[in-house]
Amino acid sequence: MLFIRILRALLYFLPHKGIYVIAWLVAFLAFYLLRFRRSVVMKNLELVYSEKKTREEKTKIAFYSYVYFLLTMLEFFVADRVFKKIKVIVDKSLVPNFDEYKGFYSISIHQGNWELLAARGGALCKKKISIISRVIVSPSVDRWVKFQRARLGYSVIDRVGKRAAQLMVELVKNEEVVGFMVDQRRDHDLAIPFFGTLAYTNTSLVRIARVHPAPIIPIAIHRKTIDSYVIKIYPPIDLEFTENQEADTIRNASSMNQAVEKMILDKPNEHYWFHKRWKGFYHY
């Protein structure tokens, strides 16, 4: 907690461009000198792009994924100041009838500034938003993150046990939005193709939607400039439910993974590539 206080004090009065410069310098240190998780990032990009991009293009995507990830983290430390000054616009062009939707499940990914998406997205989309989040291992850090998120105006549901699923359903029935991050590996769940290679995929949301139907709408946030963003609404996932529950789960989770692929490919340099997404099916 002392570290958080010191970092907040250092960042609080910096202009946004100054925060970006710090993120760039730390990213340069981590990527080029310390080579922190560089092998994982480059192997992920190799799997996704193979010969479609040159080595130089993949390296540039990799480096800027470090820059934007660090910028997102630094922005969150002083989000109570910075978020108010960031310009955000909403792109509903792919879903012209978006405003007609009431309660729904939203899927997003670790790209752009996902905390800003939760903090500003609700008001801009005229929806009340709650997000599903893992409990952070450190109790003191977990308390601070929850405090910061509450200060930014959105609710957090701990991803623990059946109660989380029950709360999700209750909120959607109340015509609210529940945000769910679906781009990371979930061990021991089903292996579903992702960019053409099997990957353990979180299927809990499509299972919940089977029992408690509501649209699943992908929503991403992309940087336009250092201090402006675009929230992009994608068409709802095409869900299909039959008497064969297991086949439905595989088919609907595959559709969800395809939507995630589109979001990543729209802005690959802002995606969180550090994760071993294909662990168990790909040599890291």
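The values are calculated or read from the model by the stated rules, or taken from the named source; none is laboratory data. Keep in mind that what you see is a predicted model, and the values were worked out from it rather than measured. No Cβ is skipped: glycine too gets one built from the backbone with ideal geometry, and neighbour counts run over all protein chains shown.
From the list D183, D238, which residue is in a loop (DSSP other than H, G, I, E, B), under 22 Å from W273 (Cα atoms) and in contact with a helix residue (DSSP H, G or I) (Cβ under 7 Å, 6 or more places away or on another chain)?
D183
Of a type outside the set (F, W, Y), within 30 Å of R185 (Cβ to Cβ) and surrounded by fewer than 20 Cβ atoms within 10 Å (Cβ to Cβ) - does that describe any residue in the stretch 111-121?
no
So, Y229, is that one in contact with a Lys or Arg (Cβ under 7 Å, 6 or more places away or on another chain), buried (at least 19 other Cβ atoms within 10 Å of the Cβ) and more than 30 Å from I89 (Cβ to Cβ) or not?
Spelling it out, it is not the case that Y229 is in contact with a Lys or Arg (Cβ under 7 Å, 6 or more places away or on another chain), buried (at least 19 other Cβ atoms within 10 Å of the Cβ) and more than 30 Å from I89 (Cβ to Cβ).
State which residue is surrounded by the fewest Cβ atoms within 10 Å (Cβ to Cβ) when the search covers only the stretch 242-284 and only residues that are in contact with a strand residue (DSSP E or B) (Cβ under 6 Å, 6 or more places away or on another chain) and farther than 30 Å from F63 by Cβ.
S254
Looking at (1) assigned to a loop (DSSP other than H, G, I, E, B); (2) free of Cβ contacts under 8 Å to residues at least 12 places away in the same chain; (3) more than 23 Å from D183 (Cα to Cα), which is the one condition that is false for F147?
(1)
Is it true that G122 is of a type in the set (G, A, S) and touching a strand residue (DSSP E or B) at 6+ places or on another chain (Cβ under 7 Å)?
Here the answer is yes, as G122 does meet what is asked.
Is it true that some residue in the stretch 159-178 is under 27 Å from T225 (Cβ atoms) and either assigned to a helix (DSSP H, G or I) or hydroxyl-bearing (S, T, Y) (or both)?
No.
I need the full set of residues from the stretch 257-284 which are among the hydrophobic types (A, V, I, L, M, F, W, C) and not in a helix (DSSP H, G or I), in order please.
W273, F274, W278, F281 - these are the residues of the stretch 257-284 that are among the hydrophobic types (A, V, I, L, M, F, W, C) and not in a helix (DSSP H, G or I).
Looking at I61, I107 in this structure, which one is buried (at least 19 other Cβ atoms within 10 Å of the Cβ), of a type outside the set (K, R), under 29 Å from A253 (Cα atoms) and in contact with a strand residue (DSSP E or B) (Cβ under 8 Å, 6 or more places away or on another chain)?
I107 is the lone residue from the list that is buried (at least 19 other Cβ atoms within 10 Å of the Cβ), of a type outside the set (K, R), under 29 Å from A253 (Cα atoms) and in contact with a strand residue (DSSP E or B) (Cβ under 8 Å, 6 or more places away or on another chain).
Quick one: is D227 touching a helix residue (DSSP H, G or I) at 6+ places or on another chain (Cβ under 8 Å) and charged (D, E, K, R)?
yes
Taking the stretch 118-177, which residues are of a type in the set (D, E, K, R) and farther than 18 Å from F76 by Cα?
Matches in the stretch 118-177: K126, K127, K128, D158, R159, K162, R163, E170, K173, E175, E176.
Please tell me if F76 is part of a helix (DSSP H, G or I), at pLDDT 90 or above and closer than 16 Å to M181 by Cβ.
yes
For the stretch 137-167, name all the residues that are exposed (fewer than 13 other Cβ atoms within 10 Å of the Cβ) and closer than 28 Å to V82 by Cα.
V137, S138, P139, S140, R143, F147, A150, R151
Going by the conditions given, is D142 part of a loop (DSSP other than H, G, I, E, B) and at negative phi?
When the stated conditions are applied, D142 does not pass them.
Among the residues of the stretch 186-211, which ones are in a strand (DSSP E or B) and crowded, with 17+ Cβ neighbours inside 10 Å?
I192, F194, A199, Y200
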